[in-house]
Amino acid sequence: MRSMAFRKYSSARLASVEPAPQTATGCAFGPGESAVVLDLLPVPAALVELEGSKVHFEAVNKAFRQAGLGTIAAESPLVRLLGNQLRNFLDSDETRHDIAWQFGDEVDCRYFRVTFARRAAQRATRKCLVTLVDQTSELRTEYSLRREMATDSLTGLPNRSGFGDAIEAAIGPGDCHGFAVLVINLDRFSRVNACMGGLAGDELLISVARRLKGALRARDVLGRLAGDEFGVLLHLDDGAEDALQVGRRIHAALATPFRLSDFEIRVDCAIGIAMGADNEGDPEDLIRNAQFAVKRAKASGRTEVYHTRAFDIAREQFGIETELRRAIENGLMNLAYQPIHDLASGRITAFEALARWTTEDGTKLSPDEFIPVAEESGLIVPLGRWAMDEAMKTLAAWDAAAGGDCGVKVAVNLSAIQLQRDRIPEMVSEVLGRHSVAGSRLTLELTESAIVSDPDRISQTMLALRELGATLAMDDFGTGYSNLAYLQKLPIDVLKIDRSFVSGMLADRDKVAIVRAILSLAQALGMRTTAEGIETNELAQTLAALGCTYGQGFLYAQPLKADDAYRYLAERNA
């Protein structure tokens, strides 16, 4: 602010100084008058004249001399360093020219804003006024603030902004070859903060930063991108192998436990790498790509290198998420119903409600495509609530068309994510009451992963659903992490045998053995069984002979629209 005031004062002062009439010698002032006028200026100033190719000082003020700029042009650093620009100005028709000038050595460097100025009427003369505004304090303060804003206060490393600046400085646009960005995300760091407090967490981060620094080469740049995330800018000599080698050294550096108070804490990490050779955009895209690779590394348990195709898939899923959200909000989803038959009598006992979605552009997406996206984004909760309400509304409509109980149940799937985030018993009770449907008409299908994620909480939820009269089925049994203790303790009524065991069973002795084992287990625990994926009469008869209770598959019908499902029910159970 002070230097800005000086500039304004200087400009105003210069504008107010009217040159005296030209003398025979061409000077604007008489002998000695130039120095007197210049001394009135609060900034270094000099009257400069060009004779031939040599620069002379006609007069300099006290501030000019105190700045160490000399009194003799031939010895002045101003002329030595800016002489060519000064000559070009005096030979031109310009009346003003500004230059940012750095003067001095690295330790005691000073920064000036240099102005060459003369009146328009004096263009023919080879004289001008040179003024210098000292911006050293202002620029040093600005530099200090920038450095502080770009530095992580805890570790002293570049923060997210500073790390991005380092990438910009090292890599030009489109010139990312020979570089890579490695992102390190610490595992279980939040538990340290939760159990030992923020100070212990800070101490751990400082220790981790020191170890990471020791695992890197001198030319590599380490930064802290977020709370438990670090970034490394790597200079590559041997392509991807260099980056993978650094990743191995980082894992080795973190293998030794950290000592915090009386505890030894082992810190593991997920590492993602983005190769500059695969990046055609902004250099900072490397950070984003490496962070994307970290996400895959958390799932795979190994260091992952970013690949464009994986990112394209993620973008597609993000697009699906956006459209799915809109479809749920605008009621553009629908349910299809696949019949479940009693294998002994052939009668339909239930229908499984399956979500179906046709996008606005007419593309039909299978549940395998949009259900994982819904679970990851949290949309599975509103989607699950909608499916429950729609299924019970359809069942109530079938009862009304039949003039009473139409004789079937409807099965609805519950996602593991929905079980964790939603209040399932309250939601189910509300939906049953809204459509005046008894709880005994509803079957809720849960996966093994939903049960093992939080068995105690899920057990309470299942008991509450049992009190509502609902039937509980374990879907895709045998494909997850089965624990026989859960089957004994939890109120499960039906085991659904996954289609991967049923399909082709007649030609595979191993599959027959697995199905026999599941059926024997269910019988011992007093549970009924449903076989999925039945496509032939021979398979249906074999399963019935083995003791399977129910079956569903394309042998009976593909998933049907609500009206078609009711007509199918009326025909088969007539």
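What distance in nm separates the two pseudo spin-label positions at ARG356 and ARG434, each 7 Å out from Cα along the beta-carbon direction?
2.2
Using R₀ = 25 Å, calculate the FRET efficiency as 1/(1 + (r/R₀)^6) where r is the Cβ-Cβ separation of HIS56 and GLN102; round to 0.05.
About 0.50, to the nearest 0.05.
Can you tell me the relative contact order of the range 333-487? Whole percent, Cα pairs under 8 Å, sequence separation 6 or more.
Averaging sequence separation for qualifying contacts and normalising by length gives 19 percent for the range 333-487.
Of all DSSP beta bridges located in the chain, what percent are antiparallel, nearest 5?
70
Taking only DSSP H segments of four or more residues, each worth -39500 (n - 2.57), what value at 222 nm results for the chain once the sum is divided by all its residues, to the nearest 500 deg cm²/dmol?
Roughly -14500 deg cm²/dmol at 222 nm, from the helical runs in the chain.
As a quick test, which of the pairs LYS511/LYS561; LYS393/LYS561; LYS364/LYS561; LYS496/LYS561 have an alpha carbon distance above 21 angstrom in this structure?
LYS511/LYS561; LYS496/LYS561
Suppose every Lys and Arg Cβ carries +1 and every Asp and Glu Cβ carries -1, with no other charges. What dipole size does the chain come out with about its Cα centre, to the nearest 20 debye?
1300
Using θ = phi - 60° and the Karplus relation 6.51 cos²θ - 1.76 cosθ + 1.60, list the HN-Hα couplings for the range 542-547 in order, rounded to whole Hz, with x at every Gly or Pro.
Once θ is set to phi - 60°, the couplings for the range 542-547 become 5, 5, 4, 5, 6, x Hz.
So, with +1 on the Cβ of K and R and -1 on the Cβ of D and E, and no other charges, what is the size of the charge dipole of the range 220-265 about its Cα centre, to the nearest 20 debye?
It comes to approximately 160 debye.
Defining a contact as two alpha carbons under 8 Å apart and six or more residues distant in sequence, what relative contact order in percent does the range 318-406 show?
25
Taking the 0 to 90 degree range and rounding to the nearest ten, how far is the long axis of helix 198-215 tilted relative to the main principal axis of the chain, both from C-alpha atoms?
Helix 198-215 sits roughly 70 degrees off the main axis of the chain.
At 7 Å along Cα-to-Cβ for each site, give me the label-to-label distance between LEU525 and ASP342 in nm.
2.4
Please find the FRET efficiency linking SER261 to ALA226, where r is the Cβ-Cβ separation and R0 is fixed at 25 Å, and quote it to the nearest 0.05.
Efficiency, rounded to the nearest 0.05: 0.50.
Mind running the shape call on the range 141-237? Use the C-alpha gyration tensor, a ≥ b ≥ c as the square roots of the eigenvalues: rounded below 1.5 for a/c, prolate if a/b tops b/c, oblate otherwise.
Oblate shape, in that a/c is at least 1.5 and b/c is the bigger or equal ratio.
With +1 on each Lys and Arg Cβ and -1 on each Asp and Glu Cβ, and nothing else charged, work out how big the dipole of the range 124-223 is about its Cα centre, in Debye to the nearest 20.
240
I'd like to check one number: the per residue accessible area of the chain, probe 1.4 Å, reported in Å² as a whole number.
51
Show me, for the range 514-529, the HN-Hα J-couplings you get by feeding each phi into the Karplus relation (A = 6.51, B = -1.76, C = 1.60, θ = phi - 60°), rounded to Hz, glycine and proline as x.
Per residue, the Karplus-derived 3J(HN,Hα) values read 5, 5, 4, 5, 5, 5, 5, 4, 4, 5, 5, 8, x, 10, 8, 10 Hz.
For TRP357, which sequence-distant residues (separation of 5 or more, or a different chain) have an amide H within less than 5 Å of its own amide H, given hydrogens modelled in the peptide plane?
Result for TRP357 returns LEU365.
Give the average over all directions of the projected area of the C-alpha convex hull of the chain, one decimal, in nm².
Over all viewing directions, the chain projects a mean Cα-hull area of 41.4 nm².
Taking amide H positions as placed 1.01 Å from N in the peptide plane, with prolines and chain starts having none, which residues 5 or more places from ALA411, or on another chain, fall under 5 Å of its amide H?
Sorted by chain and number, the residues that satisfy this are PHE351, GLU352, ALA353, THR443.
What ³J(HN,Hα) values, in whole Hz, does the Karplus curve 6.51 cos²θ - 1.76 cosθ + 1.60 give for the range 220-237 when θ = phi - 60°, with x put for Gly and Pro?
7, 10, 9, x, 10, 8, 7, x, 10, 10, 10, x, 10, 8, 9, 9, 9, 10
Given the peptides 181-187, 223-229, arrange them by the average over their residues of other C-beta atoms within 10 Å, most packed first.
181-187, 223-229
Hey, what does the equivalent ellipsoid look like for the range 210-349, semi-axes from the Cα gyration tensor as sqrt of 5 times each eigenvalue, largest first, whole Å?
One finds semi-axes of 43, 23, 15 Å for the range 210-349.
Can you list the residues, at least 5 places off or on another chain, whose amide H is less than 5 Å from the amide H of ARG110, using H built in the peptide plane?
It is PHE103, GLY104, by chain and number.
Do you know the relative contact order of the chain, to the nearest whole percent, from alpha carbon pairs under 8 angstrom that are 6+ apart?
8 percent.
Tell me, what % of the accessible area of the chain is carbon and sulfur with a 1.4 angstrom probe?
Its accessible area is 50 percent carbon and sulfur atoms.
If the chain between CYS109 and ALA397 were fully stretched, how many nm would it gain, using 0.36 nm times the residue separation less the Cα-Cα distance?
Difference between extended and current length: 95.2 nm.
Among 232-243, 385-396, how do they line up by average Cβ neighbours within 10 Å per residue, starting with the highest?
Highest-to-lowest ranking by the protection proxy: 385-396, 232-243.
What shape does the range 465-574 take by its C-alpha gyration tensor, where a ≥ b ≥ c are the square roots of the eigenvalues and a/c under 1.5 counts as rounded, a/b above b/c as prolate, and the rest as oblate?
Oblate, because a/c is 1.5 or more while a/b does not exceed b/c.
Tally Lys and Arg at +1 and Asp and Glu at -1 over the other residues with C-beta under 13 Å from the C-beta of GLN66: what net charge comes out?
+1
Mind ranking 251-261, 489-499 by how tightly packed they are, going by the mean number of other C-beta atoms within 10 angstrom, highest first?
Per-residue Cβ counts within 10 Å, averaged per peptide and sorted highest first, yield 489-499, 251-261.
The values are calculated or read from the model by the stated rules, or taken from the named source; none is laboratory data. Only a predicted model underlies this, so the values are computations on that prediction, with no experimental measurement involved. Heads up, the Cβs are rebuilt from the backbone with ideal geometry, glycines too, and the neighbour counts pull from every protein chain shown. Surface areas here come from the heavy atoms of the whole protein model, side chains and all, with no ligands, DNA or RNA. Shrake-Rupley method; radii C 1.70, N 1.55, O 1.52, S 1.80 Å.
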